[in-house]
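Student: Have a look at the structure that comes next, please.
Any read-out appearing in this document is the output of simple, stated calculations on the displayed coordinates, not a laboratory observation. A quick note: this is a predicted structure, and the numbers were derived from the prediction, not measured. Here Cβ is always computed from backbone atoms with ideal geometry, including for glycine, and neighbour counts include all displayed protein chains.
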Amino acid sequence: MNRILDKIKGWSIVWQITVIFAVIMIIPALLVSRSFYQRFEDSLIEQSSRQLQEDILFMRSVMDKNVESANSLLNQLSFRQEFSYFLDAHNQLSQREIDQFMSSVQKELLEVRYIYPNRFSMVAFFSSNTQLAGNHNWAFYMSDLEKTGYYPELLESPDITFVGDVRKREIEIAVPYMATPADQGDLVLPIYRKILNLSTHKWIGALEINIPLFKLMEDSRFDEYQQSSSYFLFDRKGNLIYQAGHPADIDFSNIDFDQQTEIVDATLISGRFLLTYERCPNTNLIRAVAINRKDALAPADGMLPLFAALAVAAMFSIMAVTYFFMRLLLRRLGEMDKKMVQIKEGNFDVQIDEDGFNEISRIAGSFNSMAGQLQSVMQKQLEEEKAKRKAELRALQAQINPHFLYNTLENMRMQCEVDEYYKMGDSLEALSVLLRYSINWDGPTVTLEQEWNSLQSYISIMRMRFDTSLHCHMYCDKELYEIPVPKFILQPVLENSFNYGFESMLPPWKLTVDIYLEGNTLIARLSDNGAGIRPERLTEIKECLNKGISIPNTLKKRRSIGLSNVAQRIEMLCPKGSSFCIDSELGKGTTITICIVIERAEEEDGHV
């Protein structure tokens, strides 16, 4: 040992430091290799956990989409058909009324079958009025519903729309709404919408839609997600009712589904699994996704020897780097330190002398390349932020929902039948103007004249629909016509009055639109005499508008984007000081005030 030490003492200081440093670093190198291996395993588990989250989110989107389709269909049927009148047993109907109503419902169901082919196993209604039911395979008596085992649960529910528990179809119909594959059984998810008497609010009937369980989980993209994951669906009591994806023999008896959502590492029949689940708030069903832990860690097999070899290679690399580093470090370390301070201060336009061809020179070259790349990345990030803002703006513009146009077409058709086509020309002209205006997005802003003409076209259609029930007062000074404003900021506001303000109010309905200039601010005040908004609901709406998010609508099971969309585009497109305000008094109506600051010179960034 002494001879070895004496020999080492004869080496140069560079070699001494190199050898000592290599001996000291070999143990940490091995530990680091083991640590990296463990981190590699952890990353695989983390990756699998993320995959589970993506899979459960995909299951959620598929289920929510199919349930939302059923809810939309129920809302559509309830809105288009006068069930509150025809299903009431106290109303004595003429044969002509019965024939007309049943023909209208049958036509509606045929349209539903065309729009949603093979989506629902049954679409039917239950009527207290015995004049209607019994003649069709989609019309039943309320007594048929009362005989079912799930009627008490439906009766006790305070909700208008109710999602029942998964069950077998109990009411057989003469001609099934769709064919059910034999291997899928007849489990369905029923969704009901109660029909109430408008005066007494007594339950007089119901609409029912049955979604087959295999259709609830059907989506064209599902095969992309069925690679290594297993998908499960449980009823409210935790009983397995559906399985898809990668085959897995799993016993869920030891899994507690009490938590709302959780990721667990569970030991099941065929091994250890990573399992995630969550309860669906709309249906109260439990959806779960599982990945075999062994499959998840398969890429790590045989990696431990490789990491050990990397540790040995790292030791020799350390010796070589240390030798050259100690020879050149002290001479050029100061220079590198100064340049790094400049980088820290944000000055990326620095260069280190690359004289020579050695490790330090290559480090200097890498440093110079890094500085240049950092400068490019910073510039690219600024450009991406601008592009992202423009993309968000385009996304907001694309959210304007033209759904009211479909209702307008239906109103025009009905009016043509009543008026023998006399008003067809005016209605088609107004609709044509409105369609062209809504589809053409040449830019984020238009002139006030264009926005005003579009609003008048919409009001003319609403007047055609509601006739003398609607009274409008509209004023806009023509001298303001050339002022640029964001597109579609007036019509969504008035559409909100028809959808919510007048929905539960009897005519006459009044709308007032005043647009005028006050100083350098364009003011648009839109008022109605509708039902108004409850104070707590008004506070919730204002909070959503301030946060720039869509407004939740618990009654219609969706989120409203009209007002929040208008408010966000005013904030993004208009100069500072512009605003969107809403005020309402329950029982008296709602007033929305839009204020747009007018700049005398256009900004280069596209602001109004």
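Student: Would you mind classifying the stretch 20-147 by shape? Square roots of the alpha carbon gyration tensor eigenvalues, ordered a ≥ b ≥ c; an a/c under 1.5 is rounded, otherwise it is prolate if a/b is larger than b/c and oblate if not.
Tutor: Since a/c reaches 1.5 and a/b is larger than b/c, the shape of the stretch 20-147 is classed as prolate.
Student: Let me ask something else. For the stretch 81-216, what does the alpha-carbon gyration tensor say about shape, rounded, prolate or oblate, given a ≥ b ≥ c as the root eigenvalues, a/c under 1.5 as rounded, and a/b over b/c as prolate?
Tutor: Because a/c hits 1.5 or more and a/b fails to exceed b/c, the stretch 81-216 counts as oblate.
Student: Alpha carbon centre of the stretch 46-115 versus the stretch 472-540: separation in Å?
Tutor: Rounded to whole Å, the Cα centres lie 31 Å apart.
Student: Tell me the label-point distance for the pair Arg96, Gln381, using the 7 Å Cα-to-Cβ offset, in nm and rounded to one decimal.
Tutor: 7.5 nm
Student: Further question on the same structure: Can you give the FRET efficiency to the nearest 0.05 for His473 and Glu41, using r as the Cβ-Cβ distance and R₀ = 45 Å?
Tutor: The calculated FRET efficiency here is 0.05.
Student: Next question, about the same structure. Students often get this wrong, so check it: of Lys107/Lys237; Lys542/Lys576; Lys168/Lys202; Lys147/Lys215; Lys344/Lys380, which have C-alpha atoms separated by over 30 Å?
Tutor: Lys107/Lys237, as the Cα separations exceed 30 Å there.
Student: Still on this model: Could you calculate the contour length gain from Ser103 to Glu82, that is, 0.36 nm times the residue separation minus the distance between their Cα atoms, to one decimal place in nm?
Tutor: Gain on stretching Ser103 to Glu82: 6.3 nm.
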